[in-house]
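Contents: one structure, followed by commentary.
The values are calculated or read from the model by the stated rules, or taken from the named source; none is laboratory data. Every value quoted in this text rests on a predicted model; they were computed, and no experiment measured them. Every residue, glycine as well, gets a Cβ built from its backbone with ideal geometry; the counts of neighbours run over all protein chains shown. Just the protein is used for accessible areas: all its heavy atoms, side chains included, with ligands, DNA and RNA removed. Shrake-Rupley method; radii C 1.70, N 1.55, O 1.52, S 1.80 Å.
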Amino acid sequence: TFGQPAAGMWPPEGAVSEAAVDLFGSRGVRWLATDEEILKRSLDRDPTLDERSRPWSRAGVSVFFRDHLLSDQIGFVYSRWPRATAVRHFVDSLRGIADAREGDGDALVLVALDGENAWEYYPDGGYPFLDELYGAIEDADFIVPTTLSEWLDRQGPGEELRKIATGSWIGGNLETWIGDPVKNRAWSLLASTWQH
């Protein structure tokens, strides 16, 4: 479709596991994006701001961890705010992150969200908000938009991560898909279908 293989992806709900990362890596996927809660669970501690501001490597795949708060602001909060206020808050939040960093060099702030969640709540499907947001990002002298592949080309694959926790952006686990009687029944039917 795009004339070249996909270099990376945001898996559904940002869900990852050791097995999934291994599978993606074996298929040539260069990078994955998931939530910073997965990084916290993978490190068994709260990551520093500098640790959240770069990718990590696992099984030959670079794993980027999104800024949970900023991503959720776009996904669930800014649609209820005046557009100019929301855009200003986003840029000011990025400025605060830039000012708080202690490390040298560039820092990455990844904003990622499931594409279907947010836009039905914004006026005109979010187009005016995104247009104003992109304009503000272009005008900010401290923000340089990039793709994750471009980041890896400049900065490298990231430090090796000892393990990667299983989970998604929703609570850092997979509970959104398991535990509910209806969902459990659906998984049983899927397993039965698969076995036949």
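Quick notes
- Cα-projected label distance for ASP180 with GLU102, points at 7 Å along beta-carbon direction, nm: 4.2
- Using a Gaussian network model of the chain in which every pair of alpha carbons under 10 angstrom is joined by a spring, one finds that among ARG54, ARG154, ARG185 the greatest mean-square fluctuation is at ARG185.
- Excluding ligands, DNA and RNA, the accessible surface per residue across segment 1-118 is 50 Å² with a 1.4 Å probe.
- Calculated from the structure at hand, semi-axes √(5λ) of the Cα gyration tensor in Å is found among (i) 26, 20, 15; (ii) 29, 23, 17; (iii) 30, 18, 17 as (ii).
- Average accessible surface area per residue within segment 137-196, 1.4 Å rolling probe, Å²: 73
- Length-normalised contact order for the chain - Cα pairs under 8 Å, 6+ apart - percent: 32
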